[in-house]
1. Which GluC sites (Glu not before Pro) does the stretch 192-290 hold that lie in a coil by DSSP with at most 16 other beta carbons within 10 Å?
2. Could you tell me whether the stretch 123-201 comes out rounded, prolate or oblate from its Cα gyration tensor? Rule is a ≥ b ≥ c as square roots of the eigenvalues, rounded for a/c under 1.5, then prolate if a/b exceeds b/c, otherwise oblate.
3. How would you rank K70, K166, going from fewest to most other Cβ atoms within 10 Å of each one's own Cβ?
4. Just to confirm my understanding: which cysteines in the chain have no other cysteine beta carbon less than 4.7 Å from their beta carbon?
5. Between D222 and H113, what is the label-point separation in nm under the 7 Å Cα-to-beta-carbon projection?
6. Could you give the length gained on full extension between T5 and E214, defined as 0.36 nm per residue of separation minus the Cα-Cα distance, in nm?
7. Given 0.36 nm per residue, what is the gain on full extension from A69 to D270 after removing their alpha carbon distance, in nm?
8. Could you give the length gained on full extension between D149 and E194, defined as 0.36 nm per residue of separation minus the Cα-Cα distance, in nm?
Amino acid sequence: MSERTFDVIVLGAGAPGEECAGRTADGLETAMVENHLVGGECSYYACMPSKALLRPAEAVAETERIPGAKEAVTGDLDTAAVLARRDQIIHDLDDSGQLPWLEDRGIPLFRGHGRLDGERRVRVGDDLLEARRAVVIATGSAAAVPPIDGLADASPWTNREVTTAKEVPGRLLVLGGGVVGVEMAQAWATLGSEVTLVEAESALIQNYEPFAREQVADGLRDAGVDIRTDARASAVRREDGTVTLELEGGDSVTGDELLVAVGRKPRTDDIGLDTVGIEPDGYLEVDDRLRVNGFDWLYAVGDVNGRALLTHAGKYQARIAGDVIRGHDATATSDVPGPPQVVFTDPQVAAVGHTLESARDAGIDAREVDWPTGSVAGSSFYGRGADGTARLVVDEARQVLVGATFTGPDVGELLHAATIAVVGEVPLERLWHAIPSFPTRSEVWLRLLQAYGL
């Protein structure tokens, strides 16, 4: 057994872990521990492959909205080429391209399952690592599989299988109408799968504005997806290659594969939390410095702390934690509530901050301002039918934005301006002097502020 000492040990080499290690390695001796792929879930099984599956149909749809370009589309999507491009983007699940980044920063990588082994200690196989200053847990999350009768025995897909599948399933059942569910329903429907989406609640993507939920549902139906809302699964069985999902009330749906997309659970089992007196029961609670409650040396960043299950939010937390560990006075203030997020369906949904409902629930004197995303000159270049809705949520008492939501083609690129306005608490009177370029879709900001009364 070898023993090594570092200033900082980062347990988990996904995006937040990498970000934190890169930050602390600037001045502190930092080590990283990973038992699977450097780059983590987002790079190989989530954000990147899912967008690779979605983008080809999106590009064709935009082309078909524009006369002149439309006539150049003479065939269907080349499914084999789409899947090959997906594999290229995830490097065929090979992380060797990630390693030079660590080497350039002098961060040694310990391959294996890491576990806490008492205060400031991490054991990886035969290696015992000790941290002078901090241990950072960045182990992420895994798909949650609910205790539905027969589900575990039916070989269900999670985000890992659905984003890396080598063939298009003839019939795909999707259990769960959150972001993963709607994006994967859209992706595989455009690639030729017959998709049925089952959601227990009354609407899809529940945490978004009602108009966004409705527009995404309409888009999925236009893509041929059979949507069943208010439908609770009661049992699952797989027989002779067919999966049957039984629903409360006696109805059932069948498919060749079943994707379970009902949420996430933190990867906190078997990482030695008990050796420092923590019961691994759910997400690790942290303060705004990302310190695990009750510890001055133990940090948790990314999905494992449950604050905001988004890659970019986890990376933000990692930067804050890295700065705190390096001795700076830093706190995380922008990952809750409502960090920026994009749903890459057709139409896209881009949102930051509060919805109208959540703002009012938080006691804010909130007013909404809506404008059609497609009614500004710049939208004409996205073609006919590039519709959508833009909404600002205004704190009337402070005269600042506390939320924004955009729907429509490619609206994700409109989001950062809204994020700056919300995080910066820019007064509306000052925003009025931010001139949008013509002819771009950013003119929707001018229309929204005019509709507000400026």
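Rule-based calculations on the coordinates, nothing more; no lab input. As the structure is a computational prediction, the values presented were derived from the model and not from experiment. Don't worry about glycine lacking a Cβ; one is built from the backbone with ideal geometry, like all the others, and counts go over all protein chains shown.
1. Working: sites: E194, E199, E201, E214, E239, E246, E248, E257, E285; in loops: E199, E201, E248, E285.
Filter output for the stretch 192-290: E201, E248, E285.
2. Working: a/c = 2.56, a/b = 2.32, b/c = 1.10.
Prolate, since a/c reaches 1.5 and a/b exceeds b/c.
3. Lowest to highest Cβ neighbour count: K166, K70.
4. By the Cβ distance rule, which asks for a partner under 4.7 Å, the isolated cysteines are C20.
5. That separation, rounded to one decimal, is 4.8 nm.
6. On the way: separation 209, 0.36 × 209 = 75.24 nm, distance 5.44 nm.
So the chain would gain 69.8 nm between T5 and E214.
7. Values: separation 201, 0.36 × 201 = 72.36 nm, distance 5.48 nm.
Additional length available on full extension: 66.9 nm.
8. Values: separation 45, 0.36 × 45 = 16.20 nm, distance 2.44 nm.
Contour length minus Cα-Cα distance gives 13.8 nm.
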